[in-house]
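Heads up: the structure comes next, in C-alpha cells.
The values are calculated or read from the model by the stated rules, or taken from the named source; none is laboratory data. Given the structure is predicted, the values throughout are model-derived calculations rather than measurements. Neighbour counts are summed over all protein chains in view; Cβ atoms, including those assigned to glycine, are modelled from backbone coordinates with ideal geometry. Calculation scope for accessible area: heavy atoms of the full protein, side chains included, ligands and nucleic acids excluded. Shrake-Rupley method; radii C 1.70, N 1.55, O 1.52, S 1.80 Å.
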Amino acid sequence: MAVDNQHILMVEESGNPNGIPVIYLHGGPGSNCKPHHRCFFDPNRYRIILFDQRGAGRSKPTASLENNTTQHLLADMETIRQQLKIETWLIFGGSWGATLGLLYAQQYPENVLGLILRGVFLARQRDFDWFYKDGGVNRIFPQQWNAFMQLVPKNQDPIKYYYKALTNNDKAATLAWETWSSCIVSYGQFPAPTEVSHGTKIEVHYLINDFFIEENQILNNLHKIKDKPAIIIHGQRDLVCPLENAYSLAQNWPNSQLKIISTGGHLAADPEMIAALVEATDYLLDKHSH
C-alpha cells in the first residue's frame, strides 16, 4: 500500500473478512510483523490486520528515515483504515506498538473500539534514561554496559554517538547497540547478534528525536480515551519497560484492567503472557459481538 510518493507499506489481512477488525502494532521502532503475531486472535471472529511500519520489515524503502516520524505512522494507520473501509477497530500493540496504539487512540478516539497493550512503553525521558543512561538497567548488567560504552568517546552522550554511527552504517556500532538491546530483552539469554538488522537505524532515529512527542504526552492526554476499554498486560520481570509504565497508565485510566504476569519479561514468549493476551482478545470479542 503506497502511503506517499516514497513509502510503500506491507499490509496483510487474515481471519474473517466480516469479523471484528483489529490492527496489530509491532515494536521497535524498526521491528516488523511475524507470522506468529496472528496467533493471538481467533481467525473465525477477527479480521486481523498486520503491517510493517515505515522503513521496517518488508515495507519499502528499507530503513528509510526520510518522512519517518510518529506523526507519519499515525497517518499511515488512518490510510490503512480508510483503504480497507474499516469504520472502527481494536488496537493491539506491544512495547513501542503500545506507545503507538495509545497515541493513535488519543488522536482518533472515534475510530477505536478498545485497546490491548503489552509491555507498555510511555516514551518519557525517564523511560529511555533507564535503558541508555548510567544509573538504570546498566546496574544489573554492568559488564554488558561496559562493552556497550567502550565505543563511545569519553564524556560523549551514548545516544548521540550511536545515532551518528548507525546512520553512517557503522557495523561495529550497530552490532554493539543490538547486543546491548538483546541482552536486556532476554535477561542476557540471547547470544550476541552477528548480522546487523536494518531496523536498528530507525530505533535510534526515533530515540534521538524523543519519539517525536512531548514529554509525558500519553499520560497528559489520557482523558481523551478515558471511556475506552483497555486491557494492559505486563511482565513483572520486564527490564526494557519496567512495570511502573503500565502501573502509572492503569492508575490514571479507570476503564482499564491491569494484569501482571509474575514470570513474564518483555517479550510475549512467556506461556502465561500468551494465554493472557489470547484471553484479552477473546474478552473484547465478546464485549463487541452483537
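Worth pointing out:
- Centroid-to-centroid separation of the stretch 56-110 and the stretch 233-285 [C-alpha atoms, Å]: 21
- With Cα atoms as the point set, the stretch 83-137 shows a radius of gyration and Dmax of 14.3, 48 Å.
- From helices alone, the chain scores -11000 deg cm²/dmol at 222 nm; the rule is -39500 (n - 2.57) for each run of n ≥ 4 DSSP H residues, then divide by the residue total.
- Cα-based helix-to-principal-axis angle, 171-186 vs the chain, degrees rounded to 10: 60
- Radius ratio Rg over Rh of the chain, counting only Cα atoms, Kirkwood formula for Rh: 0.95
- By accessible area with a 1.4 Å probe, ligands and nucleic acids excluded, highest first: order of ARG124, ARG58: ARG58, ARG124
- 5 angstrom amide H check on GLY235, placed H, neighbours 5+ away: GLY119, ILE261
- Using alpha-carbon coordinates, inclination of helix 70-83 to the longest axis of the chain, degrees: 30
- Per-residue 3J(HN,Hα) values for the stretch 244-253, derived from phi via the Karplus relation 6.51 cos²θ - 1.76 cosθ + 1.60 with θ = phi - 60°, read 4, 4, 5, 5, 4, 4, 5, 4, 9, 9 Hz in sequence order (x marks Gly and Pro).
- Over all other residues within a Cβ to Cβ distance under 12 Å of THR200, the charged ones net out to -2, with Lys and Arg as +1 and Asp and Glu as -1.
- Cβ charges +1 (Lys, Arg) and -1 (Asp, Glu), total dipole of the stretch 1-94, debye: 220
- Every pair of different Cα atoms in the stretch 223-277 enters the Kirkwood calculation, which places the hydrodynamic radius at 11.5 Å.
- Principal-axis analysis of the Cα atoms of the chain puts helix 96-107 at an angle of about 50° to the longest axis.
- Residue by residue, the stretch 130-146 carries 3J(HN,Hα) couplings of 4, 8, 10, 10, 4, x, x, 5, 4, 6, 8, 10, x, 5, 5, 5, 4 Hz when phi is fed to the Karplus relation 6.51 cos²θ - 1.76 cosθ + 1.60 (θ = phi - 60°); x denotes Gly or Pro.
- Histogrammed with a bin width of 10 Å, the alpha carbon distances of the stretch 85-234 distribute as 10, 35, 31, 18, 6, 0 percent, first bin at zero.
- Accessible area of the chain divided out per residue, in Å², using a probe of 1.4 angstrom: 45
- The reciprocal of the average 1/r between distinct C-alpha atoms defines the Kirkwood hydrodynamic radius, which for the stretch 142-214 equals 12.7 Å.
- With every protein chain in place, the chain: carbon and sulfur % of accessible area (1.4 Å): 50
- Projected-area average for the stretch 17-158 over all orientations - Cα convex hull basis, square nanometres: 10.5
- Secondary structure note: in the stretch 1-148, about 30% of the DSSP beta bridges are antiparallel.
- Calculated over the stretch 1-72, the projected area of the Cα convex hull averaged across directions stands at 4.9 nm².
- The phi torsions of the stretch 3-10, fed into the Karplus equation with coefficients 6.51, -1.76 and 1.60 and a -60° offset, translate into couplings of 10, 7, 7, 10, 9, 10, 8, 8 Hz, rounded to whole numbers, with Gly and Pro shown as x.
- Accessible surface of CYS183, taken over heavy atoms with a 1.4 Å probe and every protein chain present, rounds to 10 Å².
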